[in-house]
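No value in this document is a laboratory result; all are computed from the given coordinates. This structure is a prediction, so every number in the text was calculated from the model and none was measured. Cβ sites come from the backbone with ideal geometry, for glycine too, and all protein chains shown count toward neighbours.
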Amino acid sequence: MPKAPSHVDQHLNRFYKRVRGKLAAIEATAKRGQTDNTLALEALGKLKPLTEYVNQFHHEYVCIQALRRLKKEHPDLEWNWFPSNTGGSEAADIEGRDKRGKLIVAAECSASIEPKGKLRERMNDTLAKLSKIKAAKRYYFTKNNEMEHAANNRAESMKYRILAYKVG
């Protein structure tokens, strides 16, 4: 798992630069498709991989904000993270370890907008995965109040020792 950035704000500035670059690429691709139907279909095909970046950017943003909060709350820990981890891995998105390497904090991040349908299933699966990680503290970070509330309710009903917070 990669080391978390020591200067979160500097990483955030680089992150915003990457976001602006992808948005410029999306805009340029969309403009090329405005002249005729064939170019429009070609442009849509080229937009698909770019929109994958958009989804990833939202997840990374939540991870950045979560890392900022966690570093303030647990300043003595060494942080690792995997902000492009979008599920399937046994490791948490963010891990905080003490000087001996013991896992103290495990955190998952979600950029989902609302806890409905597949998004609720994914949230439930993520909370179950997080509950099995042997860490003193477990967190679930999200972008909005509705997801925070649903995650806290689920964690409480399943007796998971996980705290959910809205960040960003």
*Candidates per chymotrypsin sites (Phe, Trp or Tyr not before Pro) in the stretch 1-96, loop by DSSP, up to 12 other Cβ within 10 Å*: none
*For the stretch 127-164 and the stretch 1-46, write down the distance between their C-alpha centroids in whole Å.*
31 Å
*asked:* How would the stretch 47-168 be classified by its alpha-carbon gyration tensor: rounded, prolate or oblate, with rounded meaning a/c under 1.5 and the a/b versus b/c comparison settling the rest?
replied: oblate
*222 nm [θ] for the chain, helices only, -39500 (n - 2.57) per DSSP H run of 4+, per residue, to 500?*
-19000 deg cm²/dmol
*By a straight-distance test (C-alpha under 18 Å), which aspartates and glutamates pair with Lys71 as possible cross-link partners, with residues fewer than eight away in the same chain excluded?*
Asp9, Glu60, Asp93, Glu95, Asp98, Glu108
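Classify the stretch 26-66 as rounded, prolate or oblate, taking a ≥ b ≥ c as the square roots of the eigenvalues of its Cα gyration tensor: rounded when a/c is under 1.5, otherwise prolate if a/b is larger than b/c and oblate if not.
Judged from the Cα gyration tensor, the stretch 26-66 comes out prolate (a/c at least 1.5, a/b above b/c).
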*asked:* Are there DSSP H segments in the chain that both extend 30 Å or more along their axis (alpha-carbon positions) and score a mean Kyte-Doolittle hydropathy of at least -0.5? List them, or say none.
replied: 37-73
*Between Asp125, Asp93, Asp36, find the one with the highest GNM mean-square fluctuation for the chain; connect C-alpha pairs within less than 10 Å.*
Asp36
*What's the FRET efficiency of Asn124 with Lys31 using the Cβ-Cβ distance as r and R₀ = 41 Å, to the nearest 0.05?*
0.50
*Could you work out which residue, out of Ala128, Ala43, Ala155, moves most in a Gaussian network model of the chain, that is, has the largest mean-square fluctuation with Cα springs under 10 Å?*
Ala43
